[in-house]
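Undergrad: Here you go, one structure.
The values are calculated or read from the model by the stated rules, or taken from the named source; none is laboratory data. None of these values were measured; they are calculated from a predicted model. Backbone-built Cβ (ideal geometry, glycine too); neighbour counts: all protein chains shown. Keep in mind that these areas ignore ligands, DNA and RNA; they rest on the heavy atoms of the full protein, side chains included. Shrake-Rupley method; radii C 1.70, N 1.55, O 1.52, S 1.80 Å.
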Amino acid sequence: MLKKWLNKDEYSLGILLGLIIPVPAAFVFLLLLRLLQNTLHAFTTVRDMDILLLGLAVNLVVMRYYLTKRKFDKTGKALLVITVALILSFLIFLKNSSITFPV
């Protein structure tokens, strides 16, 4: 059922993927950052907010997949709009924030 739903060319699919994908991606990147910071004492100047921006970059990979491989224009365009909106909101509201996540 999920595979069938992901094979549709719909704006709603692109919007939903654009909002859901960055969350687990940022969480994985945050775990890797904490691991590197605690074991190798590297990347100590990287902020948690920067990792959120890296999580948004994963949307670009998914967008490219839907636009080039699958030729699903509606889904890819919706992913692009949501990604740009999230990046702009990050730059406006969270760029200079010092929020840290307890991981």
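Undergrad: Would it be correct to say that S98 is open to solvent by 90 Å² or more (accessible area, probe 1.4 Å), among the small types (G, A, S) and in contact (Cβ under 8 Å) with a residue 12 or more places away in the chain?
TA: In short, yes.
Undergrad: Separate question: Check whether at least one residue in segment 57-70 is open to solvent by 70 Å² or more (accessible area, probe 1.4 Å) and not in a helix (DSSP H, G or I), and report yes or no.
TA: yes
Undergrad: Report, by residue number, each residue of segment 35-56 that is farther than 18 Å from P22 by Cα and in a helix (DSSP H, G or I).
TA: L35, L36, Q37, N38, T39, listed by residue number.
Undergrad: Now for a different question. Regarding L32, is this residue surrounded by fewer than 14 Cβ atoms within 10 Å (Cβ to Cβ), within 25 Å of I99 (Cβ to Cβ) and out of contact with any Pro (no Cβ under 8 Å at 6 or more places or on another chain)?
TA: yes
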